[in-house]
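Working notes, beginning with the structure itself.
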Amino acid sequence: MNARRTLAFALLVALGSCALPPRQGAQVSPISASAAPRRTVRRASGDVQVRLANLASAKSLEIRDAQGASVKIERAGAALACDGARKPEVRLAERGPWSVNGRTYRGTLVVRPGGGASGFEVTNVLELEDYIAGVVASELVLWSASLETLRAQAIAARSYAVSALDDRGARRTDPFLQSDTRDMAYSGAFVPKNEREREIAAKLERAIDSTRGRVLMEGERVVDARFHAACGDQTADARDVSPEARFECLRSVGCPACRNELGLARDAAGEPWSFTAQRAALDALAQRFHVGARLERLRPVAQDGSGRWLEVELQGPTGSARVRFEEVRRALGADKLLSSAIELTVPRAGEPIASTLRFEGRGRGHGVGLCQAAARDCAKAGWNAERILAHYYPGARVVDWR
Ligand SMILES: [Zn+2]
């Protein structure tokens, strides 16, 4: 069968049925239908559904199969246009890999029209372990990460995925994961292009194989094992960041890597940072939280044990408002205001703001759970994945369900 016919066959099979044809022994449904954690973990070798955020606003999609044959999908009003016909959805039902916009996806792809007048809702349905390999490749700089760093990240990511899908399945909502920081970064499969990258891919495969099916558990529940780029000094307590947090192991711990206690050069991610918010952004903040047209002062009114800002008071010409600092971070740009571990502001907290407000801080991300900068440094210092996880999720067990 030539390449063109292979893809046409895949489409024909897909469009002729309403469901993805399951492979023998594989589950197409996500690992989410049961509220019972034990049973859910036993099913953790099934498929997961990942919504691809990077394709949501695409004008058209060109999807290639492994032989290079391609299909083009465009919007046609509330439907899709593909192969000269209008379709409510296109399912690429054979197992990939598929290539879309320079990225490679294993498993199957389901394309539906996006919610608005343009764009697409693209769902990648793939085996949990293939997804975890993609997350580890997207979350870490692979060439510099050691095997134990990759193993620690794989176990944490697998735990998070199983826990999140379990929660969503129990609530019967959103039985899928997002491919960005709303869940975990996922840019598809890592595809090596040269000998050096083939060595890296082999290391990634060893990390996945040697942790296959292993998750963190606390009591009978799989841990919602969050992680972040760098804590800066001490991790955050999940209960301070999100009111629904329910795991003891997501409490604050000191970070030997960010504290420079390992005798290594500090990881760049652990370096202090600064960000200067301009007047226009500050005024938009004031308007958003209804304190008037201009932000006059800002000061923290609640901090956690590690000094992170939990709540701030915004003051403007018409009043003041108490706001969670995470909301301020999101409003000013979480990619610029990198964490809530603020050490200094200019002008100082609570003083009148003339034109700009400069934040100086440490760490990157929400600070809960595994510090990725530390996962790299601790592995360099000889810690294995289990020791790293035991430090950052104290009291949780790594459980092998194979
Ligand atoms: Zn740290």
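The values are calculated or read from the model by the stated rules, or taken from the named source; none is laboratory data. Only a predicted model underlies this, so the values are computations on that prediction, with no experimental measurement involved. Please note: Cβ atoms are built from the backbone with ideal geometry, for glycine as well, and neighbour counts cover all protein chains shown.
Structure notes:
- Segment 305-316 residues that are among the aromatic types (Phe, Trp, Tyr), paired with ones that are in a loop (DSSP other than H, G, I, E, B) (beta carbon under 6 Å, 6 or more apart): Trp309/Ser340
- Verdict on Ala293 being more than 30 Å from the chain's Cα centre (by Cα), surrounded by fewer than 16 Cβ atoms within 10 Å (Cβ to Cβ) and either more than 16 Å from the ligand (Cβ to nearest atom) or within 22 Å of Val141 (Cβ to Cβ) (or both): yes
- Qualifying residue in segment 100-109 (condition: within 12 Å of Val48 (Cα to Cα) and under 17 Å from the mean Cα position of the chain (by Cα)): no
- Boolean, Ala202 is among the small types (Gly, Ala, Ser), in a loop (DSSP other than H, G, I, E, B), out of contact with any Gly (no Cβ under 6 Å at 6 or more places or on another chain) and surrounded by fewer than 22 Cβ atoms within 10 Å (Cβ to Cβ): no
- Unique residue being part of a strand (DSSP E or B), crowded, with 24+ Cβ neighbours inside 10 Å, among the hydrophobic types (A, V, I, L, M, F, W, C) and not assigned by TED's automatic domain parsing to the domain that holds Glu386 when the list is Val122, Val136, Val110: Val122
- Pick from segment 339-374, criterion buried (at least 23 other Cβ atoms within 10 Å of the Cβ) and in a loop (DSSP other than H, G, I, E, B), ranking: farthest from the ligand (Cβ to nearest atom): Ser340
- Residue ID - nearest to the ligand (Cβ to nearest atom), chosen from residues in segment 263-278 that are crowded, with 20+ Cβ neighbours inside 10 Å and assigned to a helix (DSSP H, G or I): Gly270
- Per-region count, segment 234-262, residues at negative phi, out of contact with any Leu (no Cβ under 9 Å at 6 or more places or on another chain), within 15 Å of the ligand (Cβ to nearest atom) and not aliphatic (A, V, I, L, M): 8
- As a summary of the residue check, Ala78 satisfies the conditions (1) surrounded by 16 or more Cβ atoms within 10 Å (Cβ to Cβ); (2) among the small types (Gly, Ala, Ser); (3) at negative phi except for the one numbered (1).
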